Amino acid sequence: MARRDSASRVFVSTLAAWVVGFLIFFPILWMVLTSFKTELEAFSTPPSFLFFHWTTENYATVQERSDYVAHAMNSLIIAGGSTLIALLIAVPAAWSMAFAPTKRTKDVLLWMLSTKMLPPVGVLVPIYLIFRDFGLLDTRSGLILVLCLGNLPIVVWMLFTYFKEIPKDILEAARMDGATVGKELIYVLTPMAVPGIASTLLLNFILAWNEAFWTLNLTTSEAAPLTVFIASYSSPEGLFWAKLSAASTLAIAPILVLGWFSQRQLVRGLTFGAVK
Amino acid sequence: MATQQTQTLGRLLLTPAVALLFVWMIVPLGMTIYFSLLSYNLLNPGMERFVGLENYVYFLTDPAFLASLRNTLVLVGSVLLITVVVGTLVALLLDQAFVGRSIVRLMVIAPFFVMPTVSALVWKNLLMHPVSGMFAWIMTSIGLEPIDWFAQYPLFSIILIVAWQWTPFAALILLTALQSLDEEQREAALMDGAGAFSTFLYITLPHLARPIAVVILIETIFLLTVFAEIYVTTGGGPGLQTTNIAFLIYSQALIQYDVGGASAGGLVAVVIANILAIFLMRIVGRSLEV
């Protein structure tokens with residue numbers, strides 16, 4: 001980065017970047033601030049930015065009124081479960097395509113990606129009916145199944161792009177030294193594959209946590225994750241902004257933290273390796 | 001280099017994923033096709049009968065279909081335009097040298113991690129409310145009439161919310177692409193007397209062409225099926241003003257229980273998505289060396 005940057009130029013770009021960053025981040029910041037206000041202050045004009053009566057009572061009310069913990073548990077189980085099962089199926093598949101490619105590997109990969117292009121709404125009716133007939137509506141296992149299959153192509157693709165970067169010479173060397181396929185897998189490949197698997201896990205967990213088509217359509221209460229929990233705040237009952245803000249903050253806080261950790265993997269993950 | 005042993009093992013390891021995805025794709029799709037040929041309403045169980053292409057004729061000639069197709073195209077097109085233009089500008093800005101890069105980067109990427117139901121409700125209530133929303137306060141402060149966003153410009157309101165969610169994605173991808181641009185090339189152009197603007201036009205922009213194409217195509221896949229933002233704010237209304245194809249099919253299926261009609265609509269959505277998917281596959285396929 002040998003750039004000749006004058007001090008004034010750095011000052012201008014610093015100012016501009018912070019203003020833009022602040023504007024983009026503002027809705028989230030405002031939501032967090034509102035969550036600590038009383039309902040009356042949340043609704044008042046002109047709005048108070050920092051000098052209001054700070055309170056945490058909204059968080060208690062939200063927990064009491066709509067049981068945040070139970071919904072967060074559902075989100076955790078559904079996002080975690082679907083991600084882990086998807087990894088279990090995808091790691092062997094990605095391994096095989098990266099290390100034992102055949103003539104058809106490219107076609108298989110593109111075909112997998114094409115299943116992701118199928119809009120969920122195109123199969124809403126049959127999935128809903130299958131779920132109804134098998135008693136899967138409003139169950140966590142049902143959602144785990146659907147989200148797992150829905151994200152499987154992305155998981156395979158992400159893992160594939162990571163595995164492909166593992167140098168093949170190392171395998172050759174291990175084989176020369178007499179390592180069997182099994183040993184090669186455990187002692188040579190696994191340690192090198194762990195970072196890629198970890199970032200795939202993280203990104204897929206985030207996608208599953210925020211998924212809001214199947215969760216809204218296939219659950220109502222028992223298995224409802226946080227997306228549905230927030231949707232229950234869409235019909236206003238009197239003053240509810242502070243409570244809505246508290247509930248929203250609770251729903252996005254865990255994933256925002258994870259998301260910030262995974263932002264570098266996000267690009268290659270979501271572009272299927274087309275941009276790195 | 002693969003031995004016979006690894007080849008066999010490879011095939012064995014690939015099978016579960018391929019088989020599951022195949023079933024996941026074929027079974028529901030086959031059922032959708034089958035249902036789309038029936039007159040089948042969940043409110044009249046046992047009355048199913050074969051009607052041929054009647055559902056398609058009905059769906060495609062329904063004024064609601066044309067309205068929702070128009071809304072879908074306006075929504076996707078506007079969000080793409082906003083996110084690509086704003087995303088490019090943000091990426092160019094973040095590519096400069098400035099103090100606090102990592103913090104600004106975090107602030108810019110944050111909206112992408114907010115679940116759709118949260119961003120829609122926070123925007124609708126805290127920002128766009130006609131009386132107590134932040135926008136109304138800003139408008140009043142500078143002496144303008146506050147706008148009742150969801151009453152006056154319902155589709156545009158949805159577009160704003162979705163664009164806010166996707167701008168970080170575009171910005172992050174384009175920033176990544178910018179950072180891989182050869183600095184020397186840009187320096188040389190500047191040295192040869194090219195202005196900042198022509199350097200951008202002839203060197204930076206061509207370099208961004210492919211990443212922009214990738215952004216457009218990936219966003220399109222997700223934008224075609226925008227659902228939660230509409231579900232929690234407008235419910236498709238007023239009238240049909242914010243009903244897109246995904247929401248139209250949802251309401252046919254789970255509000256009117258018209259299985260046949262919704263299935264025909266679902267297949268139309270699949271066809272539209274596939275036309276776009278073909279383009280994406282070409283681009284991604286080209287960058288793939290197996």
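The values are calculated or read from the model by the stated rules, or taken from the named source; none is laboratory data. On a predicted model such as this, the values are computed, not experimentally measured, just so you know. Positions of Cβ are backbone-derived with ideal geometry, glycine not excepted, and every protein chain shown enters the neighbour counts.
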* Structure fact -> Among the residues of the range A:142-189, the number that are surrounded by fewer than 13 Cβ atoms within 10 Å (Cβ to Cβ) and polar (S, T, N, Q) is 1
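Restricting attention to the range A:212-231, does a residue exist that is closer than 30 Å to A:PHE43 by Cα, at the interface with chain B (Cβ under 10 Å from one of its Cβ atoms) and part of a loop (DSSP other than H, G, I, E, B)?
Looking for residues that are closer than 30 Å to A:PHE43 by Cα, at the interface with chain B (Cβ under 10 Å from one of its Cβ atoms) and part of a loop (DSSP other than H, G, I, E, B), one finds at least one in the range A:212-231, hence yes.
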* Single residue of the range A:158-192 satisfying the filter (of a type in the set (Lys, Arg) and over 33 Å from the mean Cα position of the chain (by Cα)) that is nearest to the other protein chains (Cβ to nearest Cβ) -> A:ARG175
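Between A:LEU143, A:LEU137, A:LEU118, which is in a helix (DSSP H, G or I) and either within 21 Å of B:PRO28 (Cα to Cα) or at the interface with chain B (Cβ under 9 Å from one of its Cβ atoms) (or both)?
Answer to the selection: A:LEU143.
Determine if the range B:185-206 includes at least one residue that is outside any helix (DSSP H, G or I), buried (at least 18 other Cβ atoms within 10 Å of the Cβ) and more than 10 Å from every other protein chain (Cβ to nearest Cβ). If you could, list the steps in order and put the result at the bottom.
Going through the range B:185-206, the residues outside any helix (DSSP H, G or I) turn out to be B:192-195.
Imposing the further condition that a residue be buried (at least 18 other Cβ atoms within 10 Å of the Cβ) reduces the set to none.
Among the residues of the range B:185-206, not one is outside any helix (DSSP H, G or I), buried (at least 18 other Cβ atoms within 10 Å of the Cβ) and more than 10 Å from every other protein chain (Cβ to nearest Cβ), which makes the answer no.
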* In the range B:192-201, is there at least one residue being more than 14 Å from the chain's Cα centre (by Cα) and among the β-branched types (Val, Ile, Thr)? -> yes
* **Count of residues meeting criterion [under 20 Å from B:THR117 (Cβ atoms) and more than 9 Å from every other protein chain (Cβ to nearest Cβ)] in the range B:220-234** => 5
* Tally, over the range A:5-36, of residues that are away from chain B (no Cβ under 11 Å) and in contact (Cβ under 8 Å) with a residue 12 or more places away in the chain -> 1
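Residue-wise test of (1) touching a Ser or Thr at 6+ places or on another chain (Cβ under 8 Å); (2) surrounded by fewer than 18 Cβ atoms within 10 Å (Cβ to Cβ).
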position: B:LEU81; (1), (2): no, yes
position: B:GLY87; (1), (2): yes, no
position: B:PHE113; (1), (2): no, no
position: B:LEU127; (1), (2): no, no
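Per-residue answers, yes or no, for (1) modelled with pLDDT of 85 or more; (2) under 15 Å from B:TRP24 (Cα atoms):
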position	(1), (2)
A:PRO126	yes, yes
A:ARG132	yes, no
A:LEU145	yes, yes
A:MET158	yes, no
A:THR161	yes, no
A:LYS168	no, no
A:GLY182	no, no
A:ILE186	no, no
* Which numbered condition trips up A:ILE186, out of (1) part of a helix (DSSP H, G or I); (2) free of Cβ contacts under 8 Å to residues at least 60 places away in the same chain; (3) over 16 Å from B:LEU13 (Cα atoms)? -> (3)
* Kindly check whether there is at least one residue in the range B:157-175 that is at pLDDT below 90, assigned to a helix (DSSP H, G or I) and out of contact with any Pro (no Cβ under 9 Å at 6 or more places or on another chain). => no
* Structure fact -> In the range B:30-54, residues that are over 29 Å from the mean Cα position of the chain (by Cα) and aromatic (Phe, Trp, Tyr) total 2
* Out of curiosity, is B:GLY239 in contact with a strand residue (DSSP E or B) (Cβ under 7 Å, 6 or more places away or on another chain) and either touching a residue at least 40 places away in the same chain (Cβ under 8 Å) or under 17 Å from B:VAL74 (Cα atoms) (or both)? -> no
* Asked: Which one of B:VAL122, B:VAL79, B:VAL99 is in a helix (DSSP H, G or I), facing chain A (nearest Cβ under 9 Å) and either under 20 Å from A:TRP30 (Cβ atoms) or not small (Gly, Ala, Ser) (or both)?
  -> B:VAL122
* To do: May I ask you to list the residues in the range A:232-275 that are at pLDDT below 85, surrounded by fewer than 23 Cβ atoms within 10 Å (Cβ to Cβ), on the phi < 0 side of the Ramachandran plot and more than 7 Å from chain B (Cβ to nearest Cβ)?
  => A:SER235, A:PRO236, A:GLU237, A:LEU239, A:PHE261, A:SER262, A:ARG264, A:GLN265, A:ARG268
* Considering only the range B:1-39, state which residues are modelled with pLDDT of 85 or more and in a loop (DSSP other than H, G, I, E, B). => B:LEU37
* Is it true that some residue in the range A:87-110 is free of Cβ contacts under 8 Å to residues at least 40 places away in the same chain and closer than 26 Å to B:VAL226 by Cβ? -> yes
* Can you tell me how many residues in the range A:34-60 are under 28 Å from the mean Cα position of the chain (by Cα) and crowded, with 16+ Cβ neighbours inside 10 Å? -> 5
* Asked: Quick check: anything in the range B:135-143 loosely packed, with under 15 Cβ neighbours inside 10 Å, more than 7 Å from chain A (Cβ to nearest Cβ) and not in a helix (DSSP H, G or I)?
  -> yes
